[in-house]
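Structure record follows, encoded as structure tokens.
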């Protein structure tokens, strides 16, 4: 096939040999409601070979024979009424209606290079697209979108699919959101994160065949420079941390389930400069990061059972994201309701804290689409510690998130913490076990006006309750300090191509006895390039001498709640799913909570990923 990438050709050749990819892909197509003739809207990124890598596919139930191209004009042909769009030559005939989306007739001369347009019409056999109607879009940004019936469906590397829509090859894989007309999202059932997420976690796409297994891997190179984590006014310390990390995953699937094994290893070199003293340390590791079996449609359609070491994660990493857990997991789909329940422990990771190995985790998640692009989720996380110093929190969480319009995206995370928390008093070492009564929230909205360079504005506020102000005897009172689950990572992205620590790249706190105000500005000057500038303001709910999970070394005075401010810069470049480059820089300025003469701390991280 002309214009098909090497990866697509490889997938087609392998599927032609009748490999195990075919049954898995067929299940995906059937469960998602995809079939030849189904009318769909596909949005994604077109590579240099003209293959559309779908980020979202929505099934349309409209009765319409027209096909649509939505994108940015490449180059009008001089002296003709033609221009290039998504690999087609669009022919503008005398009867073609040309106009502005907001109303009014536009001349052909208005169709300039880079302009975002929507073209309705039909293809011809000579790779031309005869336009019936052209509308110049009100908002200008990079777009690649097609609308039309599915012409063919073929298996491609595991549960990935190769579709032909409007004459273009379309690749669906684990990064694609598939939505039905009611807004329900169906993933491809692979051990990976659903959606166009990108973080430090390995995303298995099954790129190569090794005997009966699908193989994929990733190499990550990272360098991090930390300056003045002591917040010292003189002779600031500095830490340099280069790192290399590799991951290799093997998947074998069959009609009734799959097995997955993932090996991870690497090394890092830590060099600390503190005045005239230089300390160096080298670390290395190699281990089994995931290994599990999963059985699908067990007893009932839509019911699956997983056993083994498996990554547990959710969309914002606010409640949990952890792969070092040994899990018994049940997942079920009941029409639009998705259920996920698991019992887990960290049994074999010798590098984990002993307190973590003593805990048994019960995690239950339920998800339900209230409407198109609007989802309601509920969480229960219970961590049971049966040691002499029990730390057994129970978090009840609720999340409402979605995109109520083409220009808005929001999230609302609410959490109540109950259970009990044990600790020893710092002087007497007496054991204190207190009931927990705490709460937290994280609210935010991103405005995407769909202008050129695809800018975004984000406003967020997160809050977690602190200790009881009226408590004169903390050892005998209720613990009202909210703590996150300990399985969290607090990483996500707004509209960029790479994720980041959304509470700050330098301070990177756990949301506990803390208020974080976030303001963000972002842009996508090109589809594979993103820029984010983020501001954070930190305050304690109740002034104390304790901060949880932070990178800086000194403790606050406990007399003033104003911890300080931070500015972060995030640059991302992802020209394809096989390569990513990320640069993050942060600058934290301490506030009056640190009364001594203090100076700012900073962090710079450069990271590249190569996937194969």
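The values are calculated or read from the model by the stated rules, or taken from the named source; none is laboratory data. All figures in this text were calculated on a predicted structure; none of them were measured in a lab. In this analysis, Cβ positions are derived from the backbone assuming ideal geometry, glycine residues included, and neighbour counts consider all displayed protein chains.
Tell me whether the stretch 423-442 contains one or more residues that are at pLDDT 95 or above and within 30 Å of residue 116 (Cα to Cα).
no
Looking at (1) within 21 Å of the chain's Cα centre (by Cα); (2) surrounded by 15 or more Cβ atoms within 10 Å (Cβ to Cβ), which is the only condition residue 378 fails?
Result: residue 378 passes all but (2).
Restricting the search to the stretch 111-145, which residues are closer than 28 Å to residue 496 by Cβ and part of a loop (DSSP other than H, G, I, E, B)?
Within the stretch 111-145, 112, 113, 114, 115, 137, 138, 139, 140, 141, 142, 143 qualify.
Run residue 153 past the list (1) over 20 Å from residue 55 (Cβ atoms); (2) at pLDDT 85 or above and report the number of the one that doesn't hold.
(1)
Quick one: in the stretch 71-83, which of the residues that are under 21 Å from residue 143 (Cβ atoms) and surrounded by fewer than 16 Cβ atoms within 10 Å (Cβ to Cβ) is modelled with the lowest pLDDT?
Here the answer is 75.
Exactly one of (1) more than 26 Å from residue 176 (Cβ to Cβ); (2) touching a helix residue (DSSP H, G or I) at 6+ places or on another chain (Cβ under 7 Å) is unmet by residue 91. Its number?
All conditions are met except number (2).
Please determine whether any residue of the stretch 243-265 is under 26 Å from residue 585 (Cα atoms) and over 28 Å from the mean Cα position of the chain (by Cα).
No; the residues of the stretch 243-265 include none that is under 26 Å from residue 585 (Cα atoms) and over 28 Å from the mean Cα position of the chain (by Cα).
Residue-by-condition table, conditions (1) in contact with a strand residue (DSSP E or B) (Cβ under 9 Å, 6 or more places away or on another chain); (2) crowded, with 16+ Cβ neighbours inside 10 Å; (3) farther than 27 Å from residue 583 by Cβ:
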position: 215; (1), (2), (3): yes, yes, yes
position: 219; (1), (2), (3): yes, no, no
position: 224; (1), (2), (3): yes, yes, no
position: 229; (1), (2), (3): yes, yes, no
position: 238; (1), (2), (3): yes, no, no
position: 242; (1), (2), (3): yes, no, no
position: 249; (1), (2), (3): yes, yes, no
position: 258; (1), (2), (3): yes, yes, yes
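Among the residues of the stretch 541-562, is there at least one that is in contact with a strand residue (DSSP E or B) (Cβ under 9 Å, 6 or more places away or on another chain), part of a strand (DSSP E or B), in the same structural domain as residue 224 (by TED's automatic domain parsing) and free of Cβ contacts under 8 Å to residues at least 40 places away in the same chain?
Yes, the stretch 541-562 has at least one match.
Among the listed residues 189, 195, 158, identify the single one that is on the phi > 0 side of the Ramachandran plot, touching a helix residue (DSSP H, G or I) at 6+ places or on another chain (Cβ under 6 Å) and modelled with pLDDT under 80.
From the options 189, 195, 158, the qualifying one is 158.
So residue 224 passes all but one of these: (1) closer than 30 Å to residue 284 by Cα; (2) modelled with pLDDT under 85. Which condition number does it fail?
With (1) closer than 30 Å to residue 284 by Cα; (2) modelled with pLDDT under 85 applied to residue 224, the lone miss is (2).
Which of the following residues is in the same structural domain as residue 442 (by TED's automatic domain parsing), assigned to a strand (DSSP E or B) and in contact with a strand residue (DSSP E or B) (Cβ under 8 Å, 6 or more places away or on another chain): 519, 511, 507?
519
Quick one: which strands (runs of 3 or more DSSP E) lie wholly within the stretch 67-110 and hold at least 2 residues that are more than 21 Å from residue 164 (Cα to Cα) and over 38 Å from the mean Cα position of the chain (by Cα)?
Those strands (runs of 3 or more DSSP E) span 88-100.
Could you figure out which of (1) over 25 Å from residue 410 (Cβ atoms); (2) at pLDDT 95 or above isn't true of residue 505?
Of everything listed in (1) over 25 Å from residue 410 (Cβ atoms); (2) at pLDDT 95 or above, residue 505 misses just condition (1).
How many residues are surrounded by fewer than 21 Cβ atoms within 10 Å (Cβ to Cβ) and touching a strand residue (DSSP E or B) at 6+ places or on another chain (Cβ under 8 Å) if we restrict to the stretch 578-601?
Number of matching residues: 13.
Within the stretch 569-578, identify whether any single residue is assigned by TED's automatic domain parsing to the domain that holds residue 242, free of Cβ contacts under 8 Å to residues at least 40 places away in the same chain and farther than 30 Å from residue 160 by Cβ, and answer yes or no.
Taking every residue of the stretch 569-578 in turn, at least one turns out to be assigned by TED's automatic domain parsing to the domain that holds residue 242, free of Cβ contacts under 8 Å to residues at least 40 places away in the same chain and farther than 30 Å from residue 160 by Cβ.
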